[in-house]
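As structure tokens, the structure follows; a few thoughts come after it.
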Ligand code: SLL
């Protein structure tokens, strides 16, 4: 195994959730108030599967099978529910990389802030979103992984 000494490469990701109120409409259980989607994706929806192999989302234990493993893009989980909680996101990289999985945390956001930032109330049907931008830095990557990163 040869590492690229002194080199590091960064790749951007966006992770987080959107949520919309169900307003008593279709949904799982009667007490569910929102439909939400948690995702890990590339900037401008660029394909990230050349360096990310799979993503595990650990939901609140009130969900059936709370550990959701997504093996191919889009790396996302859509659910319905009634409450906000912390989601543990574990990113597994391309096995060629030899990199250990990376753990991120996201607080699932269902409820809007007081207003839209301009003093107007949040429109009832407007999706609430909470996304973070991050960069994954690969320090001294293995040469074959370095090649894959460079070619994509
Ligand atoms: C709260 N600490 O009390 C949080 C927990 C859990 C939300 C929120 C489960 C849905 C289902 C669901 O929405 N859990 O039972 O399928 O606000």
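Bear in mind that the values in this text are calculations on the coordinates, not laboratory data. Remember, it's a predicted structure, so these values are computed and weren't measured experimentally. Cβ sites come from the backbone with ideal geometry, for glycine too, and all protein chains shown count toward neighbours.
If you plug the beta carbon distance of residue 143 and residue 62 into 1/(1 + (r/R0)^6) with R0 = 35 Å, you get a FRET efficiency near 0.20.
Run the helix sum for the chain: -39,500 (n - 2.57) per DSSP H stretch of 4+ residues, divided by residue count, reported at 222 nm to the nearest 500 deg cm²/dmol.
Result for the chain, helices only: -1500 deg cm²/dmol.
Note on the chain: GNM, Cα springs under 10 Å; of 53, 35, 11, the largest mean-square fluctuation is that of 11.
Give the relative contact order (percent, whole number) for the chain; include only Cα pairs under 8 Å separated by 6+ residues. Once normalised by length, the contact order is 34 percent.
If the chain between residue 96 and residue 152 were fully stretched, how many nm would it gain, using 0.36 nm times the residue separation less the Cα-Cα distance?
My answer for the length gained is 18.7 nm.
Residue separation of residue 8 and residue 78 scaled by 0.36 nm, minus their Cα-Cα distance, works out to 21.8 nm of gained length.
Springs join every pair of Cα atoms under 10 Å in this Gaussian network model of the chain, and among 99, 71, 46 the largest mean-square fluctuation is at 46. Computed from the C-beta positions of residue 23 and residue 131, the FRET efficiency with R₀ = 25 Å rounds to 0.60. Across the range 72-146, Cα pairs under 8 Å and at least six residues apart give a relative contact order of 26 percent. Mean separation of Cα pairs under 8 Å and 6 or more residues apart, divided by the residue count, gives the range 20-86 a relative contact order of 38 percent.
Largest mean-square fluctuation among 119, 16, 81, in a Gaussian network model of the chain whose springs join Cα atoms under 10 Å apart, belongs to 119.
Go ahead and run the numbers for FRET between residue 50 and residue 114, Cβ-Cβ distance against an R0 of 30 Å, rounding to 0.05.
Values: r = 42 Å, r/R0 = 1.38.
E between residue 50 and residue 114, to the nearest 0.05, is 0.10.
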